[in-house]
Amino acid sequence: MSQPPKSLWWDSLSTPLELRDSVKQDLEVDVAIIGAGFTGLWTAYYLKQNEPNLKIAVLEANVAGFGASGRNGGWCSALFPVGLEKLSKQSNRETAIRMQKTMFETVDEVKKIIDKEKIETEWEKGGSFSIARDEIQLQRALEEARHFKDWGFTDNDFTFYNSTEAKNRINASNILGTTFTPHCAALNPAKLVRQLATVVENMGVKIFENSKVTTFTKNKVLVNNSKIAAGFIVNATEAYRSNFKKYKRASIPVYSLMIATEPLKPEIWDQIGLRNRETFADYRNVIIYGQRTKDNRFAFGGRGAPYHYGSKINQSFDQHKRTHQDLLETLTDIFPVIKGVKVTHTWGGPLAIARDWAAHVTLDQNTKIISAGSYVGDGVGTSNLAGRTISDLILDKNTNLTNLPWVQHQSKKWEIEPFRWIGVNSTLQIAKAADVVEKKFKRETFVTKLLSKLRGH
Ligand SMILES: Cc1cc2nc3c(=O)[nH]c(=O)nc-3n(C[C@H](O)[C@H](O)[C@H](O)COP(=O)(O)OP(=O)(O)OC[C@H]3O[C@@H](n4cnc5c(N)ncnc54)[C@H](O)[C@@H]3O)c2cc1C
């Protein structure tokens, strides 16, 4: 078993970590869920809510919340990794719009359960900014705002603010404008995932920790030399899915890294803004994301760390000096007023990306094995939708969720190594170089156009 991850969020937990039982004998359950992150726990939550008599075991290799769920950027957003055009090709225009609206509603569903179950998560639904700090980014911001209008959404869902309005809300250097959506909350993810585990436990779900699943096939899961017989098996391991031989190329684990600063003085926040704890990103190619935490720090992250050969995942990869340093430089570039601020935490973790960047919920009717994930870094809200959808699938309910276009979506496999390693890392380097070129020469490259297409919009 690995040590619990080090991060701002884990350090903020007030309850000492007590290891739950591990699997020590054969068991028989209705549903075996592999992985105690948001996907696994939301699945258990909705199943128990709908069918209290179900016997459910959650099998976690480490401790509940060990994965990305306990150490992410804390955006509970309505972002979905597949754009509306692509979704409509998989279904139709109306269904694509319904998918986006369901994502909007999902943010409020998470809040509803948090309130109902009295979970303290430092939640603030202040919305989210994507800022533009040069002409190229401005064009992308305007284009995205237009795009949402074309699909029938209003300013209440997605809007554009000019530089004066933007500065008043988020005083970033060189800001030329920003898009804004109200459909996003900032939260402390470790607090949510750890308390959600307790909630489902109190509902009668058995969570086993230090219980690494070695293999699973129809109705059978092997863990710690014990056998678990299960009617349904839910693979909720997201980035770790590629550790299972059969799913090696189903998705790749991509590292996202984060830093947290010391709490900043009120005078500094007066200059920056983000008064409603709005989350923020921008329109560069290599993704960045940030939030103002409840205790007035910046928690700030981004991609850019290398992909590791053979889809390897290792706790040592959570630290990458160059990337963490870049993150601090980027944050200071955006908000020069924080120059000299102390970084108190650096951490990171893997998230899953499928070959076509599409998230999925799939049920194999023959084996009764269910999989959900590949959220491409937008899994805090999406995993809740996955949990509700999986619950409906297992209970054989035909609902508005089970016919959404990501259900039963199959992505093609990633390439074999070394092509995967070469492809992923060179795309990353090209994206980084494109950001440098755009900043220096104020010119969009062919490659960046291709990259934004890849991202879905
Ligand atoms: C640094 C970072 C920042 C991010 N920021 C955001 C954000 O701001 N907003 C957002 O929406 N998304 C964000 N994401 C993505 C989001 O955190 C994930 O999509 C989401 O948490 C995935 O949840 P999950 O339950 O599917 O997977 P995980 O939380 O990764 O859980 C999988 C669990 O499975 C367990 N496991 C693995 N293998 C086995 C096995 N063999 N047997 C038993 N258990 C096993 C793991 O230990 C783990 O606990 C971020 C991700 C990272 C890494």
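Tabulated data
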item: Pairs with Cβ under 7 Å, 6+ apart, first in the stretch 199-220 and farther than 21 Å from Tyr46 by Cβ and without any contact (Cβ under 8 Å) to a residue 60 or more places away in the chain, second within 15 Å of the ligand (Cβ to nearest atom) and not small (Gly, Ala, Ser); result: Thr214/Leu222; Thr214/Val223; Thr215/Leu222; Lys220/Lys227
item: Residues located in the stretch 137-175, provided they are within 24 Å of the chain's Cα centre (by Cα), closer than 19 Å to Gly126 by Cα and without any contact (Cβ under 8 Å) to a residue 24 or more places away in the chain; result: Phe158, Thr159
item: Residues that are more than 30 Å from Thr293 (Cα to Cα) and in contact (Cβ under 8 Å) with a residue 60 or more places away in the chain, drawn from the stretch 68-123; result: Leu84, Glu85, Lys86, Leu87, Gln90, Ser91, Thr95, Ala96, Arg98
item: Test: residue in the stretch 344-354 that is buried (at least 17 other Cβ atoms within 10 Å of the Cβ), more than 14 Å from the ligand (Cβ to nearest atom) and in contact (Cβ under 8 Å) with a residue 12 or more places away in the chain; result: no
item: All positions within the stretch 68-77 that are assigned to a helix (DSSP H, G or I) and either within 6 Å of the ligand (Cβ to nearest atom) or of a type in the set (Lys, Arg) (or both); result: Ala68, Ser69
item: Residue within the stretch 263-275 that is out of contact with any helix residue (DSSP H, G or I) (no Cβ under 9 Å at 6 or more places or on another chain), away from the ligand (no atom under 15 Å from the Cβ) and touching a residue at least 40 places away in the same chain (Cβ under 8 Å) present; result: no
item: Test set (1) within 14 Å of the ligand (Cβ to nearest atom); (2) of a type outside the set (Lys, Arg); (3) more than 21 Å from Ser69 (Cβ to Cβ) - Leu404 fails condition number; result: (1)
item: Those residues of the stretch 276-300 which are within 14 Å of Leu187 (Cα to Cα) and either more than 16 Å from the ligand (Cβ to nearest atom) or of a type in the set (D, E, K, R) (or both), in sequence order; result: Asn276, Arg277, Glu278, Arg292, Lys294, Asp295, Asn296, Arg297
item: Odd one out for Pro5 among (1) outside any strand (DSSP E or B); (2) more than 15 Å from the ligand (Cβ to nearest atom); result: (2)
item: Check on Gly348, more than 17 Å from Tyr307 (Cα to Cα) and of a type in the set (Gly, Ala, Ser); result: no
item: Failed criterion for Val234 (all others in (1) closer than 19 Å to Trp42 by Cα; (2) in a strand (DSSP E or B); (3) in contact with a Phe, Trp or Tyr (Cβ under 8 Å, 6 or more places away or on another chain) hold); result: (3)
item: Selection count where residues are surrounded by fewer than 18 Cβ atoms within 10 Å (Cβ to Cβ) and part of a loop (DSSP other than H, G, I, E, B), scope the stretch 361-401; result: 10
item: Test for Ala239: is it within 14 Å of the ligand (Cβ to nearest atom), of a type outside the set (S, T, N, Q) and part of a helix (DSSP H, G or I); result: yes
item: Qualifying residue in the stretch 19-29 (condition: crowded, with 23+ Cβ neighbours inside 10 Å, under 21 Å from Thr389 (Cα atoms), of a type in the set (Val, Ile, Thr) and within 11 Å of the ligand (Cβ to nearest atom)); result: no
item: Residues within the stretch 303-332 that are buried (at least 18 other Cβ atoms within 10 Å of the Cβ) and at positive phi, tallied; result: 2
item: In the stretch 185-221, the residues that are surrounded by fewer than 23 Cβ atoms within 10 Å (Cβ to Cβ) and either under 30 Å from Arg277 (Cα atoms) or more than 10 Å from the ligand (Cβ to nearest atom) (or both); result: Gln195, Thr198, Val199, Glu201, Asn202, Met203, Gly204, Lys206, Thr217, Lys218, Asn219, Lys220
item: The stretch 50-67 - residue that is touching a residue at least 60 places away in the same chain (Cβ under 8 Å) and among the hydrophobic types (A, V, I, L, M, F, W, C) and, of those, farthest from the ligand (Cβ to nearest atom); result: Ile56
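Conditions tested, residue by residue: (1) among the small types (Gly, Ala, Ser); (2) modelled with pLDDT of 95 or more; (3) in contact with a helix residue (DSSP H, G or I) (Cβ under 9 Å, 6 or more places away or on another chain); (4) at negative phi.
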| site | (1), (2), (3), (4) |
| --- | --- |
| Ile390 | no, yes, yes, yes |
| Thr399 | no, yes, yes, yes |
| Trp406 | no, yes, yes, yes |
| Trp421 | no, no, yes, yes |
| Gln429 | no, no, no, yes |
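The values are calculated or read from the model by the stated rules, or taken from the named source; none is laboratory data. From a predicted model like this one, the values you see are computed outputs, not experimental measurements. Backbone-built Cβ (ideal geometry, glycine too); neighbour counts: all protein chains shown.
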